[in-house]
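Report on the following structure.
The values are calculated or read from the model by the stated rules, or taken from the named source; none is laboratory data. Everything quoted here is computed from the prediction, not taken from an experiment. Note that each Cβ is placed from the backbone with ideal geometry, even for glycine, and that neighbours are counted across all protein chains shown. Surface areas here come from the heavy atoms of the whole protein model, side chains and all, with no ligands, DNA or RNA. Shrake-Rupley method; radii C 1.70, N 1.55, O 1.52, S 1.80 Å.
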Amino acid sequence: MPELPEVEVTRRSFADRIAGAQVQGALMGKPLRWPLGADPATLTGRHVLAVGRRGKYLLIHLNQGVLLVHLGMSGSLQFAGELPERGVHDHFELHTSRGLLRLHDPRRFGAVVLVDSMEDPRARKLLDGLGVEPLEPGFDPVGFHMALQQRRASIKQVLLAGDVVVGVGNIYASEALFMAGIRPTVRADRLSRPRATRLHGAIVHVLQRALALGGSTLRDFSSADGQSGYFQMDAMVYGRDGQPCRACGTPVRQLRQGQRSTYFCPRCQKP
Ligand SMILES: [Zn+2]
């Protein structure tokens, strides 16, 4: 599943190239998670101003309106002057004067939504509940600790909920908790200031490292193969149930938290 670093890598891979382009046509394939909300033909003639991001939503700002793009479970974007003929899993295309932007999404949990502005009720509904951006200055250790003190759920579930800090998905939450030495089951409001501070630093580190790794795959991104452009990090605990902890050798354990698998080292990560 594309997580925040992959979405940011995607954004960087085409934002500069598409800025200033004029839309020459748009095409919707099979229905996605949410409807576009307009006839695709109405996009023709509009200009792309910039591509931003909020959480895992890409925000394609037009001179009139904003396209919210979510990659869902299996989506990927390509942007190139020329792409192979549209395949059965390509469900959105934006033809522009600078190239073709295409959403490839086999499972169709992704979405492209056109809103008049960021104040549009549909935009507010999708974006208003999102927590602070983890890679921006608004994410600071003191504010993070204060927000955690309001929450009684486990720290892992609070991170995944995305309303304290946005975009820390299952892999990165597991890895950050390992790096901070915190057991995923610890109640969020029981974390001391020093532990919350350590976790804050670990979240930033893990996401930035993933971004740096993703950056190295950028040149593959606009290749004909729509699958490339994502990356796997060398996980310390995630997906390593029963394997020795890379730090201490104790077998990594797995447990279920709110339908999601969590991985941790029972020795390195304190309750
Ligand atoms: Zn360990």
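Residue pairs whose Cβ atoms lie under 7 Å apart, separated by 6 or more positions or on different chains, with the first residue in the range 155-183 and under 22 Å from Ala247 (Cα atoms) and the second polar (S, T, N, Q) and open to solvent by less than 10 Å² (accessible area, probe 1.4 Å), are Lys156/Thr262; Ser174/Thr262; Leu177/Gln269; Phe178/Gln269; Gly181/Gln269; Ile182/Gln269; Arg183/Gln269.
Among the residues of the range 1-36, those that are closer than 17 Å to Leu59 by Cβ and of a type in the set (S, T, N, Q) comprise Thr10, Ser13. Taking the range 62-76 as the range and being open to solvent by less than 30 Å² (accessible area, probe 1.4 Å) and over 14 Å from Arg107 (Cα atoms) as the test, the residues that pass are Leu62, Gly65, Val66, Leu67, Leu68, Val69.
Hey, among the residues in the range 104-113 that are touching a residue at least 60 places away in the same chain (Cβ under 8 Å) and out of contact with any helix residue (DSSP H, G or I) (no Cβ under 7 Å at 6 or more places or on another chain), which one's nearest to Leu49 (Cα to Cα)? Quick ask: steps written out before the conclusion?
At the first step, the residues of the range 104-113 found to be touching a residue at least 60 places away in the same chain (Cβ under 8 Å) are 104-105, 108-113.
Remaining after also requiring out of contact with any helix residue (DSSP H, G or I) (no Cβ under 7 Å at 6 or more places or on another chain): 104-105, 108-112.
On the way: His104: 23, Asp105: 25, Arg108: 27, Phe109: 26, Gly110: 23, Ala111: 20, Val112: 17 Å.
So the residue we want is Val112.
Just one of the numbered conditions (1) touching an Asp or Glu at 6+ places or on another chain (Cβ under 7 Å); (2) of a type in the set (A, V, I, L, M); (3) buried (at least 17 other Cβ atoms within 10 Å of the Cβ) is not true of Leu27: (3). Residues in the range 30-60 that are touching a helix residue (DSSP H, G or I) at 6+ places or on another chain (Cβ under 6 Å) and open to solvent by 30 Å² or more (accessible area, probe 1.4 Å): Arg53, Arg54, Lys56. Note on the range 246-271: residues that are out of contact with any Gly (no Cβ under 7 Å at 6 or more places or on another chain), assigned to a loop (DSSP other than H, G, I, E, B) and either open to solvent by 70 Å² or more (accessible area, probe 1.4 Å) or closer than 19 Å to Leu199 by Cα (or both) amount to 7.
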